Every structure is written in structure tokens, then in C-alpha cells.
Amino acid sequence: MFLPRRFLQWILGRGREDAETPAARRTGDEGERAAEDFLKRERSLRVLARNWRSGRDEIDLICQDGPALVFVEVKTRAAGGLVPGYYAVDQRKKTALLRATRAYMKRLKPRPATFRFDIVVVNREPGGSQTIEHFENVPLFPKRFMG
């Protein structure tokens, strides 16, 4: 029995980035830009990197908040969507974020004294307006994460 490659990738959980439609990618990019602007303007964070990759893993935004390094996952959702953006960061995504964070931290000399994980949810309202929710210091890292 012949199964198309995309179907096999979907079943195995691989190639998710390839399966993303151009419209979904564009929506995600717009949400990331809105989140970046919000964090700079409203929270006074300094953005160090956007869409930082390590292999297949990606960190949407890496910011500096005083002495703290901040890893940010951005979720863009239609208002009233079935799953709120905060809860869309599932276990698979958390595992990928941990791998990417470890790879990023290995490159730093010296390592920052503190770091945290934030989620920014961009809710797209009908008519083109949007609201942004910022969840700071979301428990993602184990106690001995870099120890």
C-alpha cells in the first residue's frame, strides 16, 4: 500500500513546518511582529533575536528584560477560537522549546543569571483589530534546567 510522503510525515509528527500553509505562515509572522512591537513598546523589552532556530526547533522571540533573558513563544489565534493560545503550547512544543533553549544557552558566554519563558497570545478580532495577552514566567523549565 502506497502512502503519500506528507501523510507519513503527519502520522510520524515530522515535517509540520512544511505542511503549514502560506496563509497560516503569514498569520504567524504578523502575530510575531505584533508581539515584538508590544513587548518593545509596552513592556520595554529589548529583542535580541526573532525566529531563532536550532535544527527543527525554533524560538519565536528572544528578549532581554533587565538582567533576565526571556524566551517567548507567540501564538496567534482568531478571537473566540476553540483552544486559547496559552493552552496551545502543548507538551510537544514545550519539549521542542526546551531543546532550542538549551542550544541557545550553550552558545552564551557568560550565561545569564536569570532567564524565563513567556507566552504572548495575539487574538485577531473580526474587522482586523487585535488584542494581545502577555503571560510572564510560565513554568516551563525544570528546577535544575541548566544545572
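Regarding ALA49, is this residue part of a helix (DSSP H, G or I) and either under 17 Å from the mean Cα position of the chain (by Cα) or modelled with pLDDT of 90 or more (or both)?
Criteria not met by ALA49.
Any residue at all in the stretch 56-71 that's touching a helix residue (DSSP H, G or I) at 6+ places or on another chain (Cβ under 7 Å) and among the small types (Gly, Ala, Ser)?
No; the residues of the stretch 56-71 include none that is touching a helix residue (DSSP H, G or I) at 6+ places or on another chain (Cβ under 7 Å) and among the small types (Gly, Ala, Ser).
Kindly indicate whether GLY127 is assigned to a loop (DSSP other than H, G, I, E, B), on the phi > 0 side of the Ramachandran plot and either out of contact with any Ser or Thr (no Cβ under 7 Å at 6 or more places or on another chain) or at pLDDT 90 or above (or both).
yes
Name the pairs: first residue in the stretch 53-77 and without any contact (Cβ under 8 Å) to a residue 60 or more places away in the chain and assigned to a loop (DSSP other than H, G, I, E, B), second residue among the polar types (S, T, N, Q) and surrounded by fewer than 22 Cβ atoms within 10 Å (Cβ to Cβ), Cβ to Cβ under 7 Å, at least 6 apart or on different chains?
Final answer for the pair search is PRO67/THR114.
Here is a yes/no grid of residues against (1) over 18 Å from ASP60 (Cβ atoms); (2) surrounded by 15 or more Cβ atoms within 10 Å (Cβ to Cβ); (3) touching an Asp or Glu at 6+ places or on another chain (Cβ under 7 Å); (4) hydrophobic (A, V, I, L, M, F, W, C):
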| position | (1), (2), (3), (4) |
| --- | --- |
| VAL74 | no, yes, yes, yes |
| ALA79 | yes, no, yes, yes |
| LEU82 | yes, no, no, yes |
| TYR87 | no, no, no, no |
| ASP90 | no, no, no, no |
| ALA96 | no, yes, yes, yes |
| PRO110 | yes, no, no, no |
| ALA113 | yes, no, no, yes |
| VAL121 | no, yes, yes, yes |
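Scanning the stretch 4-46 for residues that are in contact with a Lys or Arg (Cβ under 8 Å, 6 or more places away or on another chain) and modelled with pLDDT of 75 or more, which turns out farthest from PHE135 (Cα to Cα)?
Only one residue fits best here, namely THR27.
The values are calculated or read from the model by the stated rules, or taken from the named source; none is laboratory data. These numbers were taken from a predicted model, which means no experiment stands behind them. Note that each Cβ is placed from the backbone with ideal geometry, even for glycine, and that neighbours are counted across all protein chains shown.
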